[in-house]
Structure formats: structure tokens, C-alpha cells
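The values are calculated or read from the model by the stated rules, or taken from the named source; none is laboratory data. The shown structure was predicted, so the numbers you read here are calculated from the model rather than taken from an experiment. Virtual Cβ from ideal backbone geometry, glycine too; neighbours counted across all protein chains shown. Just the protein is used for accessible areas: all its heavy atoms, side chains included, with ligands, DNA and RNA removed. Shrake-Rupley method; radii C 1.70, N 1.55, O 1.52, S 1.80 Å.
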Amino acid sequence: MTMRVLTLVNAMHITASVYINDDEPGILADYEEWLEGLAPHAPVSQYLHNRTGEDNADAHLKRQVMGREVVIAATNSRLDFGTWEQIFHGEFDGRRRKRVLVEIVGSNGDQSYPGRHGLWHTKATVTEPPQGP
Amino acid sequence: MTMRVLTLVNAMHITASVYINDDEPGILADYEEWLEGLAPHAPVSQYLHNRTGEDNADAHLKRQVMGREVVIAATNSRLDFGTWEQIFHGEFDGRRRKRVLVEIVGSNGDQSYPGRHGLWHTKATVTEPPQGP
Amino acid sequence: MTMRVLTLVNAMHITASVYINDDEPGILADYEEWLEGLAPHAPVSQYLHNRTGEDNADAHLKRQVMGREVVIAATNSRLDFGTWEQIFHGEFDGRRRKRVLVEIVGSNGDQSYPGRHGLWHTKATVTEPPQGP
């Protein structure tokens, strides 16, 4: 029996991203520099959001470029990834401990016996140590 | 019994976005200014798309930065959001009345009795008043 | 009986995107020029990733702006699209043959007879000819 699912993985913080790309140190450093060019942290006074007393407006912008979530198909507990696809959690603020939500919806895929279908749903939250600045 | 779902919320227009971020007026104004820097509206002649007679090429670009859709887990009719997560509809053109599609797929999560699983699907479209200049 | 599904369409390569926008040649050319401005290909030495011997760091960045995947609701085998929504596969590197994953999860939506629900899942991978420079 083949188990087929969709997996949602999302950041639970609005200055963080979950994204899929290459697990290669150079490109990860390139992302940091590129994002800093698109949405510079300093001067912090350039952003209205920072009048609230925070200094992380740039992190809100960077997160939009990199995205909040990914949805991934999986077959028999194996993510249906291309050769180089890897999931990352990007944290652009670095203040608090961060959580990631993982939600799975799927079936046993036994299409001949609908009455025996086991639709299931699993949710997990993953807490990460803070990263950054 | 726990009801678990995935919720898709997407813009139905290609110059609009559905995204999740902070409901703070400063950051919303920061997004506008930042996007205008990344994809300026004027001069409208800088975009080939505007040769069609439209002047909204920049809105197509801005929408890609902010995204088309979000997928959100929910438990017992409550969105599984982090503390500050809020859904927004961003409209970068402002011409027509806009619609948003909301689709829900889920189960009652009673994993012990697969035969009694109630898979359900709900769709709604939400029409908003036009926003913008 | 109404068949309702969610459809996941994702790039399987980390220098490619699946996105939804307008099937208008001008805007497609505008995307290319705009992305080249946000993440220039040359000089290739500006990116650490290219020290690996590749020269496609810019393609990794462009793909993040345009996104990896889309999730689309569908009713009775028809995508629930707004008037101008069209799916695109964007390829920013152009080297290899590329694949796209299509995964569908849905039900027959007959909510009165949960035991007869036909949850189904379909996956397809689509191989495209290489595109690019």
C-alpha cells in the first residue's frame, strides 16, 4: 500500500522563512549578502516599523523574499524531492527562540477501497535555538 | 474529536497578493515604499507590458515578491498561527474589485476509525472593495 | 457529485520556479529584465556559490523571488483560477532537463456519506525540454 501525503512546513514567526534550496555554504552566504542589499538593516531609522522600538523591519522584508512556507509531496514517508532540494529555516532577526509548524495531510492511497481509506493528519511544532544576528 | 485542516487562501488576480505578516501600520507603509523601490511604477514606459495599454506592469512584479497564496494549518476551526501572524490581501493595481479564494481540506482526525472519517472540502470566494490610488 | 481537490505544482530544481501570472509576452520579458537587475548573472565572481565551479548563483536567487511552488484549488477537474491566472515554469539556469511535480489531493465531496468518500491522490512528474540562454 502506498502512503501519499502533502506536507506543509511553515515559519511561525514573521521575520523568519522556510524555503527550499541548495545545501551549499557559498549560496547560503550569497543569500545573506543579497538580502542585505535588497533590504538593508541600517540605518534602522529608514523604516517606519522601527519607530515601535524594534529594529527588525528589514527582517520582515527579507522574509517576504524568501517565503513563509513550503508544501511538499511525500510518498511512503519520503519527501518527493528533486536531487538538490533541501529545506531551510531562515531567521532574519535572531531575537527569540523560533518555532516551525509541520502539518501532514494524506491517505493510504488504496483507491480501490474507499471505505478503508485512512485519512490522517499530523502536526508537529519544532523549536529551534535562536540564530543570528 | 479534533478537526484538522489545511487552508489555502489565494489571490485570484495577478496584480494582488495574499501574504502573512505583522498587523502594524509602520511595516505596512514600509512594504509599500520598499516595493516601489524594487519595482517602480514610473516611468511606465520602462516596461514592455505597458505597451498593451495598461500601466500596471510594476504591480505584476510586486505581487511576485509578496506571493500569491498562503497555506495554513488549522485545528478545530482555529488557524494554527504564531503570535504575530496575520493574513493580508495586498493589491498593487487598484483597478477592479478583487476576489480571494479560500479552500479548506481536512478530516475529523479520528484515526482509529478510518471508515468514519469525514473528509471535507469547503470553498469560498471573498470579494473586496477596490483598494489603491 | 462534486470533485474538489488541492493541486500542488512545484519545480524539482533549485534554479527554477513554478509561478502564476499573466500569459502576456511583454510581462514575461519584463520579468527577465527585472530579475536580472535584482540578481545579475555577471560578474559571476561576485557570488561565493560560483567558486564551486558553477556560474548559476544568480539563478538560485531569482528562483526565490519567483517561488518554488503553487497550490491551486480545483473543482471537477477544472482549476479554480481567476480570469488571467496562468501557470508558468521559469528556468533561470538552462543547463539540465527539468522536471515539475504535480500532486493532487481531494475528495468526491459527498459530505453526507463519509464512508463512501473517495480520497485520492495523484502524482505526476512532467519533464520539459531545457530552456534558457
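Worth a mention:
- Scanning region A:1-29 for residues being in contact with a Lys or Arg (Cβ under 8 Å, 6 or more places away or on another chain) and within 8 Å of another protein chain (Cβ to nearest Cβ) gives a total of 10.
- The one condition in (1) surrounded by fewer than 22 Cβ atoms within 10 Å (Cβ to Cβ); (2) within 14 Å of chain B (Cβ to nearest Cβ) that C:K62 fails to fulfil: (1)
- Residues of region C:82-93 that are outside any strand (DSSP E or B) and surrounded by fewer than 17 Cβ atoms within 10 Å (Cβ to Cβ): C:T83, C:W84.
- Of the criteria (1) modelled with pLDDT of 95 or more; (2) closer than 30 Å to C:E36 by Cβ, which one A:N50 fails: (2)
- Selection over region A:30-39 of residues that are within 11 Å of chain C (Cβ to nearest Cβ) and in contact with a helix residue (DSSP H, G or I) (Cβ under 6 Å, 6 or more places away or on another chain) gives a count of 3.
- Members of region C:40-51 that are facing chain A (nearest Cβ under 7 Å) and over 21 Å from A:M66 (Cβ atoms): C:R51
- Residue, farthest from B:V18 (Cα to Cα), within region C:68-80, restricted to residues that are more than 7 Å from chain B (Cβ to nearest Cβ) and of a type outside the set (S, T, Y): C:N76
Per-residue answers, yes or no, for (1) free of Cβ contacts under 8 Å to residues at least 60 places away in the same chain; (2) among the hydroxyl-bearing types (S, T, Y); (3) touching a His at 6+ places or on another chain (Cβ under 9 Å); (4) open to solvent by less than 10 Å² (accessible area, probe 1.4 Å):
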site: C:H13; (1), (2), (3), (4): no, no, no, no
site: C:E32; (1), (2), (3), (4): yes, no, no, no
site: C:E36; (1), (2), (3), (4): yes, no, no, no
site: C:P40; (1), (2), (3), (4): yes, no, no, no
site: C:Q46; (1), (2), (3), (4): yes, no, no, no
site: C:I72; (1), (2), (3), (4): no, no, no, yes
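- Number of residues in region C:61-88 that are among the charged types (D, E, K, R) and modelled with pLDDT under 90 equals 1.
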